[in-house]
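Here is the structure we will look at.
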Amino acid sequence: MKIAFFTDTYLPQLNGVSITMQRLFGHLDKRNDIEYLVFAPAPGEPADKKIYRLPSVKFFLYPECRISIPFFNNISKLLDRFQPDKIHISTPFGVGIWGLSYARKRDIPVTAVYHTNFNRYLHYYRLKALDGLLWKYLTWFHNNCDVNYCPSLHTKDELSARGIRNLKLWVRGVDTDFFTPKYRGMLSIPYYHINGKIILLYVGRVSVEKNIRVLMRAMEIINQSCAKKVHLFIVGDGPMLEEVERWGPINVTCTGYLSGETLAKIYANADIFVFPSTTETFGNVVLEAMASGLPVVGASCGGVGDTLVDGVNGISCIPDDPVSLANGVTNLIKNECLRRLLGKQAHTYALNQSLEAGFMELIKDWEELFCKTAPYDSKESPPIFDENQIEHLLAKRLG
């Protein structure tokens, strides 16, 4: 089977989507029955013949993501030579529009995955007035795909309520050989001038839509009674990093972006994972923390709600409520037995969420879709695009 992938975020951009795709391609590379070609935004490493880089601009809601400006004739020639059996789209914008158009014109099965809650981002960036228009567009786009994969039941229910059809659950897993408690004691915490304290950890984008201000306020509340007992590590980069560093109580350390074994070690050497975000469709970092043996204190909202079970692998808090978040953390700070129990149960839970099993289930579904002979049956008219016109409009709009 030959698959063409279309995405507006990929390495060296670092986020849940790009990392998930990197792991998926790594899985495909181990197989000998699937060939693939990826259309991804520049800048990036051009040496890999499987990755075709496209000119791109920053997406205004999420500057770390790019909106590709596809050159349709070039893409068509590459795809016609490659002759894909299926198209898989990870973005409803930019290059994703072209992937959908190509698939429909050539009657090729097309699947999409709903990775990012762009609509929820509108609230944080004071663009709520665009919510209806964006949902209308997303509904049109996804209803012209044969299958739309959702990373959580919460996301699936939300999309269904919005009128999006052809929904299937694709639950991402975690690499439990990489994220593991075995690294505990292997990170030099004294390097950060910290000795004998309970380590709180946040991993993710340092930005407004991740509710970083809720975390900052919660930490101020925690420090009223536990300042000498705890230290918070904020791991990640983003537009709010300088603000957080200026706010910085003495028991808060911003590490910037970490990856690889260093990231795995800082997970394993923490004691409590704190995650205030309410915009997740899944929440990779929550499952990584659990695999590392950490209890999670987080907002019971979005995709995190599918993973975080209150009183089993962590403590659920009221969304957008710093007092509730602080109370959950303080409870675990003061109750070592509960902290250790929830951490142990979090690790057990993560062991049953296999990364490889998730990929195998996804590929099995692709194979079944490819074998179907039924014609495209969307109730909406397939999109018929004038390629030159769209190229001109995208370049004008985005450039």
Just wondering, is there one or more residues in segment 299-313 that are modelled with pLDDT of 95 or more and of a type in the set (Ser, Thr, Tyr)?
no
Can you confirm whether segment 214-228 contains a residue that is within 18 Å of the chain's Cα centre (by Cα) and either within 24 Å of Phe282 (Cβ to Cβ) or surrounded by fewer than 22 Cβ atoms within 10 Å (Cβ to Cβ) (or both)?
no
Restricting attention to segment 166-182, and to residues there that are part of a strand (DSSP E or B) and without any contact (Cβ under 8 Å) to a residue 24 or more places away in the chain, which single residue is surrounded by the most Cβ atoms within 10 Å (Cβ to Cβ)?
Leu167
Determine which member of the set Cys65, Cys150 is modelled with pLDDT of 90 or more and either among the hydrophobic types (A, V, I, L, M, F, W, C) or outside the structural domain of Leu14 (by TED's automatic domain parsing) (or both).
Cys150
Taking segment 146-164, which residues are touching a residue at least 60 places away in the same chain (Cβ under 8 Å) and in a loop (DSSP other than H, G, I, E, B)?
Asp146, Pro151, Ser152
I want to confirm something. Restricting to segment 71-117 and keeping residues that are among the small types (Gly, Ala, Ser) and in contact with a helix residue (DSSP H, G or I) (Cβ under 9 Å, 6 or more places away or on another chain), which single residue is nearest to Ser18 (Cα to Cα)?
Ser90
Residues to consider are Lys228, Lys168; find the one that is of a type outside the set (Phe, Trp, Tyr) and closer than 26 Å to Asn331 by Cα.
Lys228
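The values are calculated or read from the model by the stated rules, or taken from the named source; none is laboratory data. Source: prediction; values computed, not measured. Cβ coordinates were reconstructed from backbone atoms using ideal geometry, including for glycine residues, and neighbour counts include every protein chain displayed.
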